1. Show the residue pairs that are 6+ apart or on different chains and have beta-carbon atoms under 6 Å apart, the first residue being within segment 439-457 and touching a residue at least 24 places away in the same chain (Cβ under 8 Å), the second being open to solvent by 10 Å² or more (accessible area, probe 1.4 Å) and aromatic (Phe, Trp, Tyr).
2. Based on what the data block shows, is Ala141 under 30 Å from Tyr461 (Cβ atoms) and either modelled with pLDDT under 95 or of a type in the set (Gly, Ala, Ser) (or both)?
3. Residues that are closer than 22 Å to Ile313 by Cα and not in a helix (DSSP H, G or I): does segment 221-238 have at least one?
4. Identify all residues within segment 216-225 that are free of Cβ contacts under 8 Å to residues at least 40 places away in the same chain and either in contact with a Leu (Cβ under 8 Å, 6 or more places away or on another chain) or open to solvent by 40 Å² or more (accessible area, probe 1.4 Å) (or both); write none if there are none.
5. Could you tell me whether any residue of segment 199-207 is more than 24 Å from His445 (Cβ to Cβ), out of contact with any Ser or Thr (no Cβ under 7 Å at 6 or more places or on another chain), among the small types (Gly, Ala, Ser) and at pLDDT below 95?
6. I'd like to check which strands (runs of 3 or more DSSP E) are fully inside segment 276-365 and have at least 2 residues that are under 18 Å from Glu439 (Cβ atoms).
Amino acid sequence: MKKITNIIIASLLIFACGGCDSFLDEFSQTYIRASQISDYDELLLGSVYLPSYQPNPSGGTYIYPSGSRSCDFLNMLDDDFNSVCAESYVSTGSNLIALAYSSMHNRLFGFSCWQPDITNTVLSQQVADDITWDDLYQRIAIVNTIIDEIDNMDASTEADLADKNRVTGESYFLRAQFYLILVNLYGKPYDPATAATDLGVPLKISSGVEHDKDKDTQFDRTPVAEVYDQIISDLQQAVNYLTISDKDVIYRASREAAVLLLSRVYLYTQRWQEAKDLLEPEINASTYALSSLVAGDTLGEDNYFLTEDNSEIIFSQGSLFSQLIMTGTALDFCVSHDLYSLYDDNDMRRFFFSTAATDSIALSYKFITGSQRSKVSDVLMLRNAEAYLNIAEACAMLGDASANTYLNALRSMRIQGYSAQSYSGEELVSQIRNERRKELCFEGHRWFDLRRYSVSNPYPYSKRIYRSYPFYTGSGTGNLNYIYTYVLEENDPAYVFDIPVNVKDFDTVPMPGNDRPDRPALEEQ
């Protein structure tokens, strides 16, 4: 068995996952060992945190830095999202087809229409199925080395010790968040009855690249329960370290972020009492204070809701993709009518408008949309409102009527002229789930929530979801030819992604995958 352990600085890779044969490959590199804590801090910033945006040097539209497409498809999987089906379109620019229609066909078809092979596109062009897998495992590998190595660093001053604790806490937080994404994409939802045997994802928490040429299998898929145990342990460590040293910047992990994410993991694993016990003192201490949307004091520049200036945002990293493509115009994507219909007329979170030309609903005012976009992620953001929803759900599942208190507290800050309501039992749970959907839509929650609701005990829930997919004739100007409709059934196996092909085939004995059913389309003329 060969084992290498070294810190890699300035873009050198420790544990490579990219390429068709590189899931566990070793690479010969020139290593530079960290000499001070700031080296690890820079490594976190440059190689672990997911970049959110980068100005285009030519002006206008933001461009993606390398590797930042991780998870950008999350909001395109669920029932809040749909494709625009317009009778006709006229291109307003030479790049419209390439940016919009081709994006649908080339990048998102396999994802948004729940294909058994997400590399499938109707234009027969190849799409990688391993971008998120490879990118997150690469970042996890760097975190593993930081966690293993940082204990050896001298912290002779109080400032050094504070920085050391902060970097350690951020590392545990990031590893937990990345594994939470991976196990929710590639493993079954956490069912307490089967989680100990359900296959999750390979769990690698040690530094160094390991490879034994004599073994048929280098890494196995760790059971879902074991992956979640590690996530919880990492977040508990993050809370402890970040209690000692916090950094009040939304683009860096903080104690508040770690506590909130841990409470979410408790919900995912149906540990209702732990979630309540964790959040109750925090909310009583105003850790997660709400601002009144009714009064308008959480709106950002030009009356947009979620910008970097929103006082409820406590953490953000990663994709801004939904903010670019949800325009409600021809060749693009839109908010589902199913979601739109949930909002009352006096609900100030109805950040959408109907596009006259297509009768489709655009995502507007929740984020700065289009070419500029908000400087906060639409898939990996944490904000205070979730704390109220998390504790409300935990209390409701425990039969604790105080769930109404938390639900009403959030609604009173969002709905004009709201009067407090009282619910119980399944109706209370249903109200909280709908409130979660309305409050957190297009923030990377809904797909994972639908997964966990399907195995919830009590009150399991699943639904059929329909996805429209239009085909047009013409290029610069065109007409609707026909529409395909795809259906995701209740408790559909497609709620679990298949393991990327290059990962399954890396070993002599292939890693077991996840079967997704064929999904024929219903054609509408």
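1. Arg451/Tyr495
2. no
3. No, that holds for no residue.
4. Thr222, Pro223
5. yes
6. On the way: elements: 313-316, 333-335, 352-355, 360-363.
Once the strands (runs of 3 or more DSSP E) in segment 276-365 are filtered for at least 2 residues that are under 18 Å from Glu439 (Cβ atoms), what remains is 313-316, 360-363.
Yes/no matrix, rows are residues, columns are (1) hydroxyl-bearing (Ser, Thr, Tyr); (2) modelled with pLDDT of 95 or more; (3) over 30 Å from Leu522 (Cβ atoms); (4) open to solvent by less than 40 Å² (accessible area, probe 1.4 Å):
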| residue | (1), (2), (3), (4) |
| --- | --- |
| Ser124 | yes, no, no, no |
| Asn152 | no, no, yes, no |
| Tyr179 | yes, yes, yes, yes |
| Leu185 | no, yes, no, yes |
| Lys188 | no, yes, no, no |
| Glu210 | no, no, yes, no |
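Matching residues to (1) open to solvent by 20 Å² or more (accessible area, probe 1.4 Å); (2) among the aromatic types (Phe, Trp, Tyr); (3) at pLDDT below 95; (4) in contact with a strand residue (DSSP E or B) (Cβ under 8 Å, 6 or more places away or on another chain):
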{"site": "Phe353", "(1), (2), (3), (4)": "yes, yes, yes, yes"}
{"site": "Ala356", "(1), (2), (3), (4)": "yes, no, yes, no"}
{"site": "Phe367", "(1), (2), (3), (4)": "no, yes, yes, no"}
{"site": "Leu389", "(1), (2), (3), (4)": "no, no, no, no"}
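The values are calculated or read from the model by the stated rules, or taken from the named source; none is laboratory data. These numbers come from a predicted model, not from an experiment. In this analysis, Cβ positions are derived from the backbone assuming ideal geometry, glycine residues included, and neighbour counts consider all displayed protein chains. Remember, those area values only see protein heavy atoms, side chains included, never the ligands or the DNA or RNA. Shrake-Rupley method; radii C 1.70, N 1.55, O 1.52, S 1.80 Å.
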